[in-house]
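What follows is a short report on a single structure.
Any read-out appearing in this document is the output of simple, stated calculations on the displayed coordinates, not a laboratory observation. Note that the structure is predicted; figures quoted are calculated from it, not measured. Ideal geometry is used to build each Cβ from the backbone, glycine not excepted, and the neighbour counts take in all protein chains shown.
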Amino acid sequence: MGSSWTDSLGVAFLGVDVPRHVAAWARAAERAGLGSLWLIEDYFYPGAFALAGAAAAVTERAVVGLGVVNPYTRHPALLAMETAALAGLAPGRVVLGLGASNRVWIEERMGIPFTAPLESVREGVEIVRRLLAGERLTFRGRRFAVDAVRLESAPEQAVPIFLGVKGPKALGLAGEIADGVHCAILASPAHVRRVRATAGAARAVGAGPLTVIAYVPLAVGRDGAAARAALRPFVARYLGFLHGQSILADAGLDAVRTRPFREALLRGERAGHLVTDEVLDAVAVAGTPADCRRALARWADAGLDAAVAVVPREADMLEQLALIGAELSPHWKDVRAGGRRGAGAPPSEASL
């Protein structure tokens, strides 16, 4: 798998209505020239693998990404089985995103011990990668074990594995063992720079390039004010969810600034009116096509390889896909090339 999919923007599908629309949206995204389609798995929304299979079955060129799943709710052997099946549907165009999830979902809500998250991810990556490579594997780790297992049908082409991680130790692990880093929603250009610096410092000489992608809240329209208004409630909700986390601090949004969003979330209130233009521009891309192109250039300059648009539910997805494909994606390759040079890396570093 080369870097061509990162030369255009991607799109993520999230929400309870995705199963009804995923086939039509996937076709529309590919027609619009988008390079990748990502299925977000948030508990307890529709599962990502079934949706990824549907997207893979109706497309021919776009990369289909899982972003991200974890080794707690699916044993790494099962992850390898599911990924191999997806790779059979879409040979050479699957990317697997793995992360530890979080203690609330895994331990508090599902009763699965949330032990050694980084070691669990490390072991999970090793088991999945070796099984996908066709090995007969015996493995005894701190968290997982398999005994003389082998996939009956392994993918013919390697499946890149990205880690969905944020903290310094986890980013170091990604630099050590992964093909890329999948930055979470409400990343920022400053966060991308930290990801590159931290993961890059752990990258072994000769290990190959590290691809960095990010979910970017995005709304584009001829009426820029309307597009920005559509995105504010979405951003407010995630500011409440991520209150106090380092990913927001990277964007200059400390806990004092995000506390009102957490309080509104806990009260069940919408807080879009609290999202100022400064806050919106720090973590999202919104406005007219020209506004969005300028914003995307900042992400490219920070060293982002691929921006994956997360469209708010208030927007018309098909209309957004058409506009992203026509007005934004063609410019991404050019600004990304300039951004990669500005970040001190050769343009070819995005290849996997």
In whole µm²/s, the translational diffusion coefficient that Stokes-Einstein assigns to the range 122-179, given a Kirkwood hydrodynamic radius over C-alpha pairs, 25 °C and 0.890 mPa s, equals 197 µm²/s
Under-5 Å amide H pairs with Val69, H placed in peptide plane, nonlocal only:
Gly97, Leu98, Gly99
Tell me which chymotrypsin sites (Phe, Trp or Tyr not before Pro) from the range 36-80 have a DSSP coil assignment and no more than 15 other beta carbons within 10 Å of their own.
Tyr43, Phe44
Counted neighbours (other Cβ, 10 Å), sorted fewest up, put His243, His21 in the order His21, His243
Residue by residue through the range 46-62, the couplings from Karplus 6.51 cos²θ - 1.76 cosθ + 1.60 with θ = phi - 60°, in Hz, x for Gly and Pro, are x, x, 6, 5, 4, 5, 5, x, 5, 5, 5, 5, 10, 10, 10, 10, 5
Given 0.36 nm per residue, what is the gain on full extension from Glu60 to Glu176 after removing their alpha carbon distance, in nm?
38.6 nm
Once normalised by the length of the chain, the mean sequence separation of its alpha carbon contacts under 8 Å that are 6 or more apart gives a contact order in percent of 19 percent
Need the full-extension length gain, Ala226 to Met110, defined as separation in residues times 0.36 nm minus the C-alpha distance. One decimal, nm.
37.8 nm
For the chain, give the magnitude of the charge dipole about the Cα centre (Cβ charges: +1 Lys/Arg, -1 Asp/Glu; no others), in debye to the nearest 20.
480 debye
Ordered by fewest other Cβ atoms within 10 Å, a rough proxy for footprinting exposure, His75, His191, His273 read His273, His75, His191
Express in % the proportion of alpha carbon pairs of the range 36-90 at distances exceeding 15 Å.
43 percent
How large is the Kirkwood hydrodynamic radius of the range 166-237, in angstrom, based on all distinct alpha carbon pairs?
13.7 Å
Among Met81, Met110, which comes first, then next, by fewest other beta-carbon atoms within 10 Å?
Met110, Met81
Counting only trypsin sites (Lys or Arg not before Pro) that sit in a DSSP loop (anything but H, G, I, E, B) with at most 11 other Cβ atoms within 10 Å, what is the longest stretch of the chain containing none of them?
1-135
Whole-Hz ³J(HN,Hα) for each residue in the range 168-178, computed from phi via Karplus 6.51 cos²θ - 1.76 cosθ + 1.60 with θ = phi - 60°, x for glycine and proline: what do you get?
x, 5, 5, 5, x, 4, 4, x, 7, 10, 9
